[in-house]
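A.B. asks: Once you've had a glance at the structure underneath, I'll fire off some questions.
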Amino acid sequence: MIEFKGLIKKFGNRTVLNGLDLIIREGEIVFILGTSGTGKSVLLKNIVGLMRPDEGEIWIDGEEVSRFSEDQYFSIRKKCGMVFQQPALFDSLTVFENIAFGLRRHFRLSEREVTDRVQLALKLVNIQGVEQKRPTQMSYGMQKRVSLARTIALQPKILLFDEPTTGLDPITTTVINHLIQDLSKQLKSTSIVVSHDMNCALSIADRIVVLDKGQIEAIGTPDELKKSQHPLVRDFLAEVLSL
Amino acid sequence: MKFLAEIFGELGGTLLFLKTIMTTLVNKKIRRSDVFTQIWSVIIASFPTTAMAGFFVGAIMTVQFALLMNEFGALGYLGGLSTSATVREIGPLLIAFMLSGKVGAFTSAELGTMRVTEQIDAIRCLGSDPLQEIIVPRFIGIVIASFFLLGFGLIMSIFGGMILGDIFAGVNFQEYLRHIPTVVNPVSILFGTVKCGSFAVVTATVSTYKGFTTTGGAKGVGKAVVSTSVMTMILIVLMDWFTSFIGDIVLQIARGYRS
């Protein structure tokens, strides 16, 4: 379980997260929606310690982690796999080495086990035979999938997705969205997905959180949100309902 | 006032970053293969330019000294004086400028791109320390490679000086080389080596710091590269003055102790 208590994050004079309170239950898929600059990505980065809150607490599986040192965060990052907005693959390494990178640092595995887990991860994201390619030799969509494979190879308890379908064509977007749902089920992970895609959120989320100005404006199941009269929610729904 | 505050802020940030690099170097295990890869890539990247620049610096120094020494009828010392000046001052400075222009800018751009494309964040999320993984190997690589490049650049400068000495002043190769051991003493070599090391530390620290702290997408990477070039050039010149100043004091103390 992940719990945010009164989370505040400021950049200079700008308050990005403004006293946010949220509980994410184990095993659920939560979509976080909101317009640009409302603190969605900042929230994810606070979970894995890439950013630290100015005030408030973050509880992960009963531990308050926001004041953890960089070394203490090692165990948290082992259970939280993050897929970044950009593929963030290491250009100098092959696909195999990219996926094996985290496995070799987080676990003590034999080379045989590393190879097996790399191949399993690539199979789960439906790409195979690309192990020896460099990221620059692949399309953006393929890079996104490899990035997803790199994260799921660690078999994390918590999966964090930062706009996983941004910049992708509609077909690849659908494929990635289904992958998120399938992987969450197969790995029995808690998934937090930051997205602008209300359509996808309605189809695969257990709950949807709508953020605005660093605070939660609306929260509920897809069915509950469909009935919401909140103007921001209606704006997000307008595009979907007009389809 | 704001400008001065920014300069001191940058200097302070760079020094703190150097401290972090040193702490990581002492406390964490650095993979040897990463370090050797970096040393090799720095040497390969700068080898042709260092060779060419070394050759011409030797040639220019020889021509300049030949003009003066011809008047005093001391052309026999041409090789010794020209090489001494190159070893003590021009060689290390030249290598440092080469490194800052090629390797410093490259390192800063590479790390900056890694930062803005979230690769550095990914390293942290994948259970590693970016300082241990990418910064320290680059830092050691630049520092160690600079000594190899200095040695090679100096050999090329002697070679350039020999050829120009023969063509321009009629000093044959044997004559040119004969007085090098007389004039170039261990102190000159020590000075040159210390200067080379300190310039390399400046280039390595500034380029890794500017790259690592890049923000603001492609424009930010461009800014980091420009800032690296300007900052390393200024700091290298300041470090040149500082090492000469300290060197003079050390020499005076040594002479006083001996007498």
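A.B. asks: Of B:A53, B:A85, B:A96, which residue is in contact with a Leu (Cβ under 6 Å, 6 or more places away or on another chain) and either away from chain A (no Cβ under 14 Å) or surrounded by fewer than 22 Cβ atoms within 10 Å (Cβ to Cβ) (or both)?
C.D. replies: Numbers: B:A85 fails: in contact with a Leu (Cβ under 6 Å, 6 or more places away or on another chain); B:A96 fails: in contact with a Leu (Cβ under 6 Å, 6 or more places away or on another chain).
Only one candidate passes the filter, namely B:A53.
A.B. asks: B:L18 versus (1) surrounded by 14 or more Cβ atoms within 10 Å (Cβ to Cβ); (2) of a type outside the set (S, T, N, Q); (3) farther than 18 Å from B:I135 by Cα: which is the lone unmet condition?
C.D. replies: Condition (3) is where B:L18 drops out.
A.B. asks: Somewhere in the stretch A:23-30, is a residue loosely packed, with under 14 Cβ neighbours inside 10 Å, within 18 Å of A:I216 (Cα to Cα) and charged (D, E, K, R)?
C.D. replies: Restricting attention to the stretch A:23-30, the residues satisfying the condition of being loosely packed, with under 14 Cβ neighbours inside 10 Å are A:23, A:25-26.
Now restrict to residues that are within 18 Å of A:I216 (Cα to Cα): A:23, A:25.
Those still in the list that are charged (D, E, K, R) too: A:25.
Yes - at least one qualifying residue is present in the stretch A:23-30.
A.B. asks: Let me ask something additional. Criterion first (at the interface with chain A (Cβ under 9 Å from one of its Cβ atoms) and either modelled with pLDDT under 95 or surrounded by 24 or more Cβ atoms within 10 Å (Cβ to Cβ) (or both)) does B:M156 satisfy it?
C.D. replies: Details: at the interface with chain A (Cβ under 9 Å from one of its Cβ atoms): no; either modelled with pLDDT under 95 or surrounded by 24 or more Cβ atoms within 10 Å (Cβ to Cβ) (or both): yes.
Judged against the criteria, B:M156 is not a match.
A.B. asks: With A:E70, A:E111 as the choices, which residue is surrounded by fewer than 17 Cβ atoms within 10 Å (Cβ to Cβ), acidic (D, E), within 27 Å of B:K28 (Cβ to Cβ) and within 12 Å of another protein chain (Cβ to nearest Cβ)?
C.D. replies: Numbers: A:E111 fails: within 12 Å of another protein chain (Cβ to nearest Cβ).
Exactly one of A:E70, A:E111 is surrounded by fewer than 17 Cβ atoms within 10 Å (Cβ to Cβ), acidic (D, E), within 27 Å of B:K28 (Cβ to Cβ) and within 12 Å of another protein chain (Cβ to nearest Cβ), namely A:E70.
A.B. asks: Among the residues of the stretch A:92-105, how many are at pLDDT 90 or above and assigned to a loop (DSSP other than H, G, I, E, B)? Write out each step before concluding.
C.D. replies: Kept after step one, since they are at pLDDT 90 or above, are these residues of the stretch A:92-105: A:93-104.
Applying the additional criterion that residues be assigned to a loop (DSSP other than H, G, I, E, B) yields A:93-94.
So the answer is 2.
A.B. asks: Also: State yes or no: is B:I134 at the interface with chain A (Cβ under 10 Å from one of its Cβ atoms), assigned to a helix (DSSP H, G or I) and either aromatic (F, W, Y) or within 14 Å of B:R31 (Cβ to Cβ) (or both)? Explain how you work it out, then say what you get.
C.D. replies: Values: at the interface with chain A (Cβ under 10 Å from one of its Cβ atoms): yes; assigned to a helix (DSSP H, G or I): yes; either aromatic (F, W, Y) or within 14 Å of B:R31 (Cβ to Cβ) (or both): yes.
So B:I134 fits the description; yes.
A.B. asks: Given (1) more than 14 Å from chain B (Cβ to nearest Cβ); (2) part of a helix (DSSP H, G or I); (3) closer than 22 Å to A:I176 by Cβ, identify the lone condition not met by A:A121.
C.D. replies: (1)
A.B. asks: Please go through the stretch A:77-91 and give me each residue that is part of a helix (DSSP H, G or I) and either under 20 Å from A:I127 (Cα atoms) or at the interface with chain B (Cβ under 10 Å from one of its Cβ atoms) (or both), ordered by number.
C.D. replies: A:R77, A:K78
Residue by residue, here is whether (1) among the aliphatic types (A, V, I, L, M); (2) touching a helix residue (DSSP H, G or I) at 6+ places or on another chain (Cβ under 8 Å); (3) within 16 Å of B:K102 (Cα to Cα); (4) modelled with pLDDT of 90 or more holds:
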position: B:G160; (1), (2), (3), (4): no, yes, no, yes
position: B:I163; (1), (2), (3), (4): yes, yes, no, yes
position: B:F168; (1), (2), (3), (4): no, yes, no, no
position: B:T182; (1), (2), (3), (4): no, yes, no, no
position: B:S229; (1), (2), (3), (4): no, yes, yes, yes
position: B:I246; (1), (2), (3), (4): yes, no, no, yes
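A.B. asks: Among what's in the stretch A:33-47 and is assigned to a loop (DSSP other than H, G, I, E, B) and buried (at least 21 other Cβ atoms within 10 Å of the Cβ), pick the residue that is farthest from the other protein chains (Cβ to nearest Cβ). Lay out the reasoning, then the answer.
C.D. replies: Step one: filter the stretch A:33-47 for residues assigned to a loop (DSSP other than H, G, I, E, B), giving A:35-39.
Filter again for buried (at least 21 other Cβ atoms within 10 Å of the Cβ), leaving A:38-39.
Details: A:T38: 19, A:G39: 17 Å.
Restricting to residues being assigned to a loop (DSSP other than H, G, I, E, B) and buried (at least 21 other Cβ atoms within 10 Å of the Cβ), the top hit is A:T38.
A.B. asks: Out of (1) modelled with pLDDT under 90; (2) away from chain B (no Cβ under 12 Å), what's the single condition that is false for A:V65?
C.D. replies: Result: A:V65 fails condition (1) only.
A.B. asks: So which helices (runs of 4 or more DSSP H) stay within the stretch B:164-259 end to end and still have 2 or more residues that are surrounded by 14 or more Cβ atoms within 10 Å (Cβ to Cβ) and touching a Lys or Arg at 6+ places or on another chain (Cβ under 9 Å)? Don't jump to the end; show me each part of the working.
C.D. replies: Values: elements: B:173-178, B:180-183, B:186-212, B:217-258.
Qualifying helices (runs of 4 or more DSSP H): B:186-212, B:217-258.
A.B. asks: Are there helices (runs of 4 or more DSSP H) fully within the stretch B:2-95 with at least 3 residues that are within 21 Å of the chain's Cα centre (by Cα) and more than 22 Å from B:V202 (Cα to Cα)? List them. Talk me through it step by step, then tell me what you get.
C.D. replies: Working: elements: B:2-27, B:32-72, B:78-85.
Ranges flagged: B:32-72, B:78-85.
A.B. asks: Give the stretch A:48-59 a look and list any residue that's within 19 Å of A:F161 (Cβ to Cβ) and either within 14 Å of another protein chain (Cβ to nearest Cβ) or surrounded by fewer than 21 Cβ atoms within 10 Å (Cβ to Cβ) (or both), or say none.
C.D. replies: Hits for the stretch A:48-59 are A:V48, A:G49, A:L50, A:M51.
The values are calculated or read from the model by the stated rules, or taken from the named source; none is laboratory data. The structure displayed is predicted, hence computed values, not measured ones. Please note: Cβ atoms are built from the backbone with ideal geometry, for glycine as well, and neighbour counts cover all protein chains shown.
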